[in-house]
1. Can you pull out the residues in segment 195-210 that are closer than 16 Å to Ile181 by Cα and either assigned to a strand (DSSP E or B) or in contact with a strand residue (DSSP E or B) (Cβ under 9 Å, 6 or more places away or on another chain) (or both)?
2. For segment 39-57, enumerate the residues that are within 24 Å of Glu123 (Cα to Cα), hydrophobic (A, V, I, L, M, F, W, C) and in contact (Cβ under 8 Å) with a residue 40 or more places away in the chain.
3. Among the listed residues Asp188, Asp208, which satisfies the condition of being open to solvent by 70 Å² or more (accessible area, probe 1.4 Å) and acidic (Asp, Glu)?
4. Suppose we filter Ile124, Ile164, Ile170, Ile112 for residues that are within 39 Å of the chain's Cα centre (by Cα), closer than 30 Å to Ala265 by Cα and not acidic (Asp, Glu); which single one remains?
5. So, of the residues in segment 211-243 that are in contact with a helix residue (DSSP H, G or I) (Cβ under 8 Å, 6 or more places away or on another chain) and assigned to a loop (DSSP other than H, G, I, E, B), which turns out to be surrounded by the most Cβ atoms within 10 Å (Cβ to Cβ)?
6. I'm trying to understand the selection: among the residues of segment 119-128, which are loosely packed, with under 15 Cβ neighbours inside 10 Å and under 18 Å from Leu66 (Cβ atoms)?
7. Only one of (1) modelled with pLDDT of 90 or more; (2) assigned to a helix (DSSP H, G or I) fails for Thr182. Which number is that?
8. Considering each residue of segment 155-178, count those that are at pLDDT 85 or above and either under 24 Å from Arg240 (Cα atoms) or open to solvent by less than 50 Å² (accessible area, probe 1.4 Å) (or both), and give that number.
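The values are calculated or read from the model by the stated rules, or taken from the named source; none is laboratory data. Just so you know, these numbers come straight off a predicted model, no measurement behind them. Every residue, glycine as well, gets a Cβ built from its backbone with ideal geometry; the counts of neighbours run over all protein chains shown. Each accessible area value is taken on the protein alone, full model and side chains, heavy atoms only, with ligands, DNA and RNA left out. Shrake-Rupley method; radii C 1.70, N 1.55, O 1.52, S 1.80 Å.
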Amino acid sequence: MQSWIDPEHQALTRSAAKALKENAVHNRSGLPPFRLPQVAQQVLAELLRFVSAGDTAPALSLGEKLAAQGLGLRALLGLSRSLVREVLARLPDRAPGALEEAARVNDCLTLIVDAVAEQERREIGVQRDEMQLALERAIQNRERELRRMILELSTPIMPVYDHIVVLPLIGKLDIERADRITEFLLRDVVERRTRTAIIDVTGVPAVDEEVVAALVRATRALTLLGTHPVLVGIRPEIARALSDQSAGLAGIVVLANLQTAIIYALRREGLEVRGSPRPQRASAHSYRGR
């Protein structure tokens, strides 16, 4: 093969460089155009070596190296087609074994193409996995944000007077929602410097032991922050669940309804509500003044 290809080496290198420049748009930014003649020389050097030695490992290694440098698969395919045409056009008619050697050129180019294609496949797989992971994270973050917004909208903390807020709970309570509600409530009472927080559970159809324990923890936390908790709207089934937590409810006022609780809170602020009877507590738990 070298007996007739050596004189054509420079011409084939120029043809390879030209093909690479024509397909430079398919390369990645890491491979600048001024390096394309060097890439063409590397490919031609490997062709000569492969034709004489037939070792596939260096050809595969060159393909991986060129892919890492940024050579695109479509650019390499354009180079391969151009070189095969050039070799066939320059092939001497009577050279012994010339067609077999031309087939070796094609084999070598195929090995380089395969290596670049495999490298691109791996890189695309990594990029796909990273994009999938980023998308999943974005979806999870969005879902958490939506849950947070829904929870805030479904659990409004309403100020009814200076230093008095009402937290009306509506719908089913689970432990996660109860903990989130407690978090929002504690943050809000600190910001508002709340002295009385009324927790209205009239709209809660049922609770389990974990939710009851969460309510008790919330009232204790309010007390530690200097806020006086008041529970209202206790249904019979909730009262039964709360009875097991009576020690934790010591010192917490439990009233029959929201109106009574608001009047109670206003009077704690030193305001007299005319035309309204003194609020009657719905349980025997005593209030411990601050």
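1. Ala197, Ile198, Ile199, Asp200, Val201, Thr202, Gly203, Val204, Val207 - these are the residues of segment 195-210 that are closer than 16 Å to Ile181 by Cα and either assigned to a strand (DSSP E or B) or in contact with a strand residue (DSSP E or B) (Cβ under 9 Å, 6 or more places away or on another chain) (or both).
2. As a first pass, look at segment 39-57 and keep what is within 24 Å of Glu123 (Cα to Cα): 39-40, 42-43, 56-57.
Remaining after also requiring hydrophobic (A, V, I, L, M, F, W, C): 39-40, 43, 57.
Once the filter is applied, which keeps residues that are within 24 Å of Glu123 (Cα to Cα), hydrophobic (A, V, I, L, M, F, W, C) and in contact (Cβ under 8 Å) with a residue 40 or more places away in the chain, segment 39-57 yields only Val43.
3. On the way: Asp188 fails: open to solvent by 70 Å² or more (accessible area, probe 1.4 Å).
Within the list Asp188, Asp208, the selection yields Asp208.
4. Working: Ile124 fails: closer than 30 Å to Ala265 by Cα; Ile164 fails: within 39 Å of the chain's Cα centre (by Cα); Ile112 fails: closer than 30 Å to Ala265 by Cα.
Going through Ile124, Ile164, Ile170, Ile112 in turn, just one is within 39 Å of the chain's Cα centre (by Cα), closer than 30 Å to Ala265 by Cα and not acidic (Asp, Glu): Ile170.
5. By that ranking, first place goes to Thr227.
6. Step one: of segment 119-128, the residues loosely packed, with under 15 Cβ neighbours inside 10 Å are 121-128.
Passing the criteria: Arg121, Arg122, Glu123, Ile124.
7. Only one criterion in (1) modelled with pLDDT of 90 or more; (2) assigned to a helix (DSSP H, G or I) is unmet by Thr182, namely (1).
8. Here is the first cut: in segment 155-178, the residues at pLDDT 85 or above are 157-169.
Imposing the further condition that a residue be either under 24 Å from Arg240 (Cα atoms) or open to solvent by less than 50 Å² (accessible area, probe 1.4 Å) (or both) reduces the set to 157, 164-169.
Residues in segment 155-178 being at pLDDT 85 or above and either under 24 Å from Arg240 (Cα atoms) or open to solvent by less than 50 Å² (accessible area, probe 1.4 Å) (or both): 7 in total.
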